[in-house]
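In what follows, a structure is listed as structure tokens, so that the remarks can point back to it.
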Amino acid sequence: MRDKALEQLRSGRSLTGKDGVFAPLLKEFIESALEAEMSTHLDDFERLSGNKRNGKKSKTLKTDSGEIEITTPQDRNSSFEPQLVKKRETVLADNLAPKIIGLYGLGMSFRDISNHIKEMYDVEISHSTLSEITDRVIPQVKAWQSRPLESLYPIVWLDAMHYKVRDEGRVVSRAV
């Protein structure tokens with residue numbers, strides 16, 4: 001993972017895009033969150049009415065750092081309405097799932113997170129769904145936090161100012 005990250009960093013490619021080194025972590029997180037939502041949806045009442053899991057469907061999500069391929073769970077009655085990545089939605093709303101984990105990591109309660117997400121993104125997420133999301137993701141976060149650290153992590157910070165300049169009789173934007 002380190003070698004791939006260094007190679008992508010040196011070549012200027014995104015670390016989190018489709019082929020990025022961190023894409024599998026984002027994919028795993030989103031799929032775990034969707035599974036948690038499905039578990040919450042299929043409560044005892046739903047199961048007694050004959051509803052149960054009915055496979056998975058592949059979906060390509062566009063994030064601010066590239067496209068990732070995920071699988072979304074389905075139920076037999078097609079009554080499952082995921083909140084993290086809604087049906088027919090192909091653009092992840094500013095990577096909402098990492099924001100939930102970030103808010104949880106800051107010590108916010110499920111009620112505060114739910115209210116914040118509702119206010120900012122107009123998405124209703126129940127406390128039980130938030131609990132399921134965090135319960136499924138916490139082991140992955142703990143494993144990542146307890147990984148052995150390397151002695152050196154190179155970071156390159158690039159910045160530019162864009163100016164309008166004349167070039168061969170045309171006005172073009174150039175980065176300096």
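At-a-glance table
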read-out: Aspartates and glutamates with Cα under 17 Å of LYS57, excluding same-chain neighbours fewer than 8 positions away; value: GLU28, GLU31, GLU35, GLU37, GLU67, GLU69, ASP75, GLU81, GLU89
read-out: Karplus (6.51, -1.76, 1.60) ³J(HN,Hα), θ = phi - 60°, over region 137-149, in Hz, Gly and Pro reported as x; value: 8, 3, x, 5, 5, 4, 4, 5, 5, 8, 5, x, 8
read-out: Long-range amide H partners of ASN54 with built H, under 5 Å; value: GLN74, ASP75, ARG76
read-out: Listed residues VAL165, VAL85, VAL172 arranged by accessible area, highest first, probe 1.4 Å; value: VAL165, VAL172, VAL85
read-out: Exceeding the 19 Å Cα-Cα cut-off - candidates LYS27/LYS59; LYS27/LYS118; LYS56/LYS87; LYS27/LYS52; value: LYS27/LYS118; LYS27/LYS52
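The values are calculated or read from the model by the stated rules, or taken from the named source; none is laboratory data. Everything quoted here is computed from the prediction, not taken from an experiment. Accessible surface is based on the protein model in full, side chains and every heavy atom, while ligands, DNA and RNA are left aside. Shrake-Rupley method; radii C 1.70, N 1.55, O 1.52, S 1.80 Å.
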